[in-house]
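Report on the following structure.
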Ligand SMILES: Nc1ncnc2c1ncn2[C@@H]1O[C@H](COP(=O)(O)OP(=O)(O)O)[C@@H](O)[C@H]1O
Ligand SMILES: [Mg+2]
């Protein structure tokens with residue numbers, strides 16, 4: 001990733017290794033979600049939507065390109081809910 005500028009990100013550049021578990025940690029509001037969801041996952045989803053036919057795309061929301069200079073080697077991003085699975089005490093992920 002080179003030059004990410006979503007939300008509060010200011011020209012953030014980093015390499016994220018594949019086949020490794022990478023954890024983004026930081027205080028609330030530091031930009032973890034902006035980096036992971038609004039930049040990486042958003043561009044991945046946009047690229048996937050691009051592969052559908054024009055007809056199918058007509059039924060899908062038009063996704064804007066995230067504010068980032070370059071995302072190289074991006075593969076399919078699968079976003080899973082932060083909510084806990086199963087019963088018991090229900091707690092919502094804080095984001
Ligand atoms: N959709 C948005 N529009 C405007 N500002 C946003 C949006 N999403 C997040 N922000 C702002 O960007 C900053 C980083 O937020 P976020 O990426 O959610 O941080 P984290 O996930 O680390 O808590 C915060 O100041 C937040 O208010
Ligand atoms: Mg967050």
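The values are calculated or read from the model by the stated rules, or taken from the named source; none is laboratory data. Quantities reported herein were computed from a predicted structural model and do not represent experimental measurements. Cβ: placed from backbone, ideal geometry, glycine included. Neighbour counts: every protein chain shown.
Criterion first (modelled with pLDDT of 95 or more and within 15 Å of the chain's Cα centre (by Cα)) does residue 70 satisfy it? Taking the combined requirement at face value, the residue satisfies it.
Residue check: is residue 55 outside any loop (DSSP other than H, G, I, E, B) and over 16 Å from the mean Cα position of the chain (by Cα)? When the stated conditions are applied, residue 55 passes them.
Each row is one residue, and each column tells you yes or no for (1) within 14 Å of ligand 1 (Cβ to nearest atom); (2) assigned to a loop (DSSP other than H, G, I, E, B); (3) in contact with a helix residue (DSSP H, G or I) (Cβ under 7 Å, 6 or more places away or on another chain); (4) touching a residue at least 60 places away in the same chain (Cβ under 8 Å).
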| residue | (1), (2), (3), (4) |
| --- | --- |
| 8 | yes, yes, yes, no |
| 19 | no, yes, no, no |
| 25 | yes, yes, no, no |
| 47 | no, no, no, no |
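Pairs, please: C-beta under 9 Å, at least 6 apart or cross-chain, first residue under 20 Å from residue 5 (Cβ atoms) and in region 57-71, second modelled with pLDDT of 95 or more and surrounded by fewer than 13 Cβ atoms within 10 Å (Cβ to Cβ)? Cβ pairs passing all conditions: 69/11; 69/13; 70/13. Hey, can you tell me all the residues within region 27-41 that are without any contact (Cβ under 8 Å) to a residue 40 or more places away in the chain, within 11 Å of ligand 1 (Cβ to nearest atom) and in a helix (DSSP H, G or I)? Scanning region 27-41 gives 32, 34, 35, 36, 38, 39. Out of region 50-91, which residues are surrounded by 10 or more Cβ atoms within 10 Å (Cβ to Cβ) and within 25 Å of residue 14 (Cα to Cα)? Of everything in region 50-91, those that are surrounded by 10 or more Cβ atoms within 10 Å (Cβ to Cβ) and within 25 Å of residue 14 (Cα to Cα) turn out to be 63, 65, 66, 67, 68, 69, 70, 71, 74, 77, 79, 82.
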